[in-house]
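Following: one structure in structure tokens, then a few remarks.
The values are calculated or read from the model by the stated rules, or taken from the named source; none is laboratory data. It should be emphasised that the depicted structure is a prediction, and the values quoted were computed from it without experimental measurement. Neighbour counts are summed over all protein chains in view; Cβ atoms, including those assigned to glycine, are modelled from backbone coordinates with ideal geometry. The accessibility values were calculated without ligands, DNA or RNA, using every heavy atom of the protein model including side chains. Shrake-Rupley method; radii C 1.70, N 1.55, O 1.52, S 1.80 Å.
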Amino acid sequence: MYMAYGWPQVIPLEQGHCPSSQRIIYLKVINRLLLVVSPSHLELWSSSQYKVRLGKYKRDPASVEREGENLQAVWSPDAKLIAVITSSFFLHIFKVQFSDKRVQIGGKQPSGLFLASISLLLSEQVPFAGKGLGVSNIVSDNKHMLVGLSNGSLYGISWKAEFFGAFQLDHCPHNRNEESALSHSCNGLAPGGGLGGFVSNHNITRNSAITQLELYIQMRLLFVLYSDGQLTSCSVSKKGLKQAELIKAEKMLGSGDAVCASIASDQKILAVGTRRGVVDLYDLAESASLFRTVSLYDWGYTVDDTGAVSCIAWTPDNSAFAVGWKLRGLTVWSVSGCRLMSTIRQIGLSSVSSPTVKSNQDCKYEPLMGGTSLSQWDEHGYRLYAIEEGSLERILEFSFGKCCLSRGVSGMTYVRQVIYGEDRLLVVQSEDTDELKILHLNLPVSYISKNWPVQHVASSKDGMYLAVAGAHGLILYDMRLKKWRVFGDVTQEQKIQCKGLLWLGKIVVVCNYVDFSNTYELLFYPRYHLDQSSLLCRKPLLAKPMVMDVYQDYILVTYHPFDVHIFHVKLVGELTPSSTPDLQLSTVRELSIMTAKSHPAAMRFIPDQIPRDSALENHILSSDILNREPARCLILRTNGELSLLDLDDGHERELTDSVELFWVTCGQSEEKTNLIEEVSWLDYGHRGMQVWYPSPGVDSFKQEDFLQLDPELEFDREVYPLGLLPNAGVVVGVCQRMSFSACTEFPCFEPSPQAQTILHCLLRHLLQRDKHEEALRLAQLSAEKPHFSHCLEWLLFTVFDAEISRQNINKSQTSLKHPGRCSLLEKTCNLIRNFPEYLDVVVSVARKTDGRHWADLFSAAGRSTELFEDCFQQRWYRTAACYILVIAKLEGPAVSQYCALRLLQATLDESLYELAGELVRFLLRSGKEYEQTSTESDRLSPRFLGYFLFRSSYRKSSLDKSTSFKDQSAHVAPVKNILESHASYLMSGKELSKLVAFVKGTQFDLVEFLQRERYGCASLENFASGLELIGQKLQMGTLQSRLDAEFLLAHMCSVKFKEWIVVLATLLRRSEVLFDLFRHDFRLWKAYSFTLQSHPVFVEYRDLLEALEVRLSSVTSLEEK
């Protein structure tokens, strides 16, 4: 698939002669050339490794005034002629010729680019000039052009400027039955809520203006778009546009609000942009039925933000398409509906939070903020050219990397995730699944400068070696040593035109095109040496292969239309640089399959999947299993259909559709740490990720129940999967991120790797098939992996949720429980019980489900009080607190009060004061409700759990009336006794920081406590010892300790506790507090002064003492006067 990377580049355009039309009228890429047609001039640029303007034609002002500005244009398929219709209805035909003058880019090697000249061949006024008509865009084949007129007619013109006249389309269907069938064929096809499928033919009048034409030569189809939003599918004769009068209207498509259309010729898909800002996709192979709708609605953007769709451009391989909008932005989608790239910033979930347009915005600019008028992909899909609405100055160029493409002829293992750009590889660093990273790996300049661009990439089975092929030759990269290996002889390199790559163990297999003989062959090179002298084997092929695959010693090659050949590879000798091994290739199977289905896009061997235990029981050696010739293979067709082919009898079994890619996982790894050995394959498409498991029994693929899909793997629709990490049990995907910088005009597009676990799916599958030991072994292998606890929680939640749904369905039926047979919920609990995360997982699942179903959960998981006791004994107090509400629901409020009181005492002993505060509020509230009614606890819900588990967003200065300690109810007394006992303990030990945290966490009434304990635990023996002790306890050098002292000082002042006020004010050096105290009690001042002066440890307070003495002496002097 396609992912944007890097900063958008700018191609500057020349300015014309003050055109009245502020828009580029035509943008097209052919043969690595980019043609841009402006209102008054034409420019031809190279669309290869270097961006160079090769030629231009600039009309003089007199010509523009006499014949009008350029209005519509078309480029002939052979790129030799350009036709332009002006606003005054003159037809200009230009000729493109290349000179012998080579463009010098720099360096010793020539660039391969030649300067071009664009010359005017003829200028002639069209016959329909002066009739007040408008024209649509122009479509053409090699010899003829066709243009639509505003009166609803089509006009044929040859490339020799021969005019064939206008003709009207026949909008009546051939018979009434066809009209009836078409008008009813759209039922239920439009997921977006709009009208889908066809509309009846009589809705279009002949006076509707034609605004766009789309020609599809391969299927002989022409699509005509009218100004009223109607879209017509027309048939074209075998001679193309030469016999334009034979074009017949066949069907009406769309919902009546179409504004543009584009055809994916390989996929046979028509994309229709609408005024609603959405794009409808129609399957031309299935009677042009609507099968998907894509839009930005789910990302918070409506038609008010983006406007109508303005342009649609398909990638060269038709696997993705770019959509531009009239008012703002451009987005790239996969056919399955995954959003791959978007220039629109995603800030909030609604368009209200989207950034507003600033007219004078110079930096941090969103690309195409003013809308997109035209877009076009280059021939390789590495660049997307786009022009902003109303812009004549420049073209924006977005760089793209590809992933999961060329899957038919290039093998890519799922354990190494690679995105390849035109001159680099973007490799996912998956050593740490918590933080996946992208490594930009630039190809050697000596290779890519001569062989631009990258065309094929293949990874070895273990992902440690990468084979990369450009226009010629190939190079290898060692991931461990971080070194490239290239051909030593450039002449040999240039003889290789790679059309496919495979890895056969330590051998790289190249599908080579031999230019002089127009044939194809397989070349086998050892990875340690790329040279003709080390070539192991050369195997001529019958034709160009459509798809290839390799498994162990077997190679699959499929030719057009569907001829399958399987070769066996036998290596004689040791594959080392010092030896001379001999590779022998023999044909072991040939199949020729007749089918009317779409062509294969990819095929993969399916090895026999025999469990390890079964293999041991039957005395089958693992090497024999691995070396056995595969008897089946998976086929992914170009239309997204996935099927299973039996290579013995040629029988093909359809599995599913709407698939974009798949990975065969069975038999791919012998490692003991492989977590996905039980999976046959995975696929991704419009439904998301699907996991397929083998069927139990002798034959894993002939049983009906092997088609077990997993519904719990919904993938985010802006994350595209790249591969798997079998040892971590995760799927690795990639999504787009944008980073903004003040020094650049545009943001940088950054592919961001994401990991999604599939462990819970694998465990549930094993438990469903009673493979308890295998499930336990798999879980134990994963125990140290990141997010293991989350996987267990998700496993239990999905199983429990399914159990609840099953009970709701069967509520009216009497269910017979089989004695001695465990349910899936009980099996899951028994599995998770083997891990220390069990207690956390169970209560977390309870929090996520309705309390009415807790009894079912804990009947399988264990009694809630026993689980609480386990947490309590292991001192997992936060987890134990989560069980309190469950106990209140299942065992009654009296039991929950008892457990909560025990937990409160334990949390206070551990100084967990925030948790203690939540428990206090729960005890007071639930206790009071329990006194009011013994059945009130039944009203508790999981939402209340958050009330005492999470910190409140506000703090009360004291407990409110309903929870006051002064209310001497039976439920208050135990709580009050526990809190007061703990407060006395802290005050006795002068643990003042803990006391402050305790008071703040539990909302304990410190004032009442101090008043009662003035002569008890709160008393100080004498000032000197108290000052020294409290100074040591508080450690006044830290900010938190000073805040605690301030908190205590405020409370001591409120109860007028002089001893504490003097001590705390001295520690805080609060001279104003001490001054107010001593000015009314000179006896206290003298005792204070004497104590500080007589103890050497208090020498640090001498400055405070002197300041107080000065202020008090001045007060004494004033009083004496």
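Details
- The residues in region 291-303 that are under 22 Å from Q212 (Cβ atoms) and either charged (D, E, K, R) or more than 26 Å from the chain's Cα centre (by Cα) (or both) can be counted, and the count is 1.
- Total residues in region 856-889 satisfying the condition of being open to solvent by 60 Å² or more (accessible area, probe 1.4 Å), of a type outside the set (K, R) and not in a loop (DSSP other than H, G, I, E, B): the figure is 4.
- D515 being touching a residue at least 40 places away in the same chain (Cβ under 8 Å) and among the acidic types (D, E): no
- Test: residue in region 489-498 that is closer than 17 Å to S410 by Cα and in contact with a helix residue (DSSP H, G or I) (Cβ under 7 Å, 6 or more places away or on another chain): no
- Residue list for region 717-749, filter: of a type in the set (F, W, Y) and either under 22 Å from G411 (Cα atoms) or open to solvent by 30 Å² or more (accessible area, probe 1.4 Å) (or both): Y720, F740
- Test: L241 is buried (at least 22 other Cβ atoms within 10 Å of the Cβ) and more than 30 Å from P751 (Cβ to Cβ): yes
- Considering each residue of region 571-581 in turn, none proves to be within 42 Å of the chain's Cα centre (by Cα), of a type in the set (D, E, K, R) and assigned to a loop (DSSP other than H, G, I, E, B).
- Filtering region 7-37 to residues that are under 27 Å from R737 (Cα atoms) and open to solvent by 20 Å² or more (accessible area, probe 1.4 Å) leaves W7, Q9, V10, P12.
- Restricted to region 426-516, the set of strands (runs of 3 or more DSSP E) holding at least 2 residues that are open to solvent by 10 Å² or more (accessible area, probe 1.4 Å) and out of contact with any His (no Cβ under 8 Å at 6 or more places or on another chain) comprises 437-442, 475-478, 483-485, 498-504, 507-514.
- Every residue from region 713-747 that is modelled with pLDDT under 85, assigned to a strand (DSSP E or B) and aromatic (F, W, Y): none
- Checked against the criterion of being in contact with a Leu (Cβ under 8 Å, 6 or more places away or on another chain) and either surrounded by fewer than 22 Cβ atoms within 10 Å (Cβ to Cβ) or in contact (Cβ under 8 Å) with a residue 24 or more places away in the chain (or both), the candidates S48, S63, S40 yield just one match: S48.
- From the options K248, K326, residue that is open to solvent by 10 Å² or more (accessible area, probe 1.4 Å), over 22 Å from L374 (Cα atoms) and touching a residue at least 60 places away in the same chain (Cβ under 8 Å): K248
- Test for A285: is it surrounded by fewer than 22 Cβ atoms within 10 Å (Cβ to Cβ) and in contact with a helix residue (DSSP H, G or I) (Cβ under 9 Å, 6 or more places away or on another chain): no
- Candidates D1044, D1076: the one that is assigned to a helix (DSSP H, G or I) and either buried (at least 18 other Cβ atoms within 10 Å of the Cβ) or at pLDDT below 85 (or both) is D1044.
- Of all residues making up region 554-598, the number that are out of contact with any Asp or Glu (no Cβ under 9 Å at 6 or more places or on another chain), over 15 Å from D646 (Cα atoms) and not aromatic (F, W, Y): 16
- Residues of region 614-649 satisfying the condition of being at pLDDT below 90 and over 21 Å from V550 (Cβ atoms): S614, A615, L616, E617, N618, H619, I620, L621, T638, N639, G640, D649
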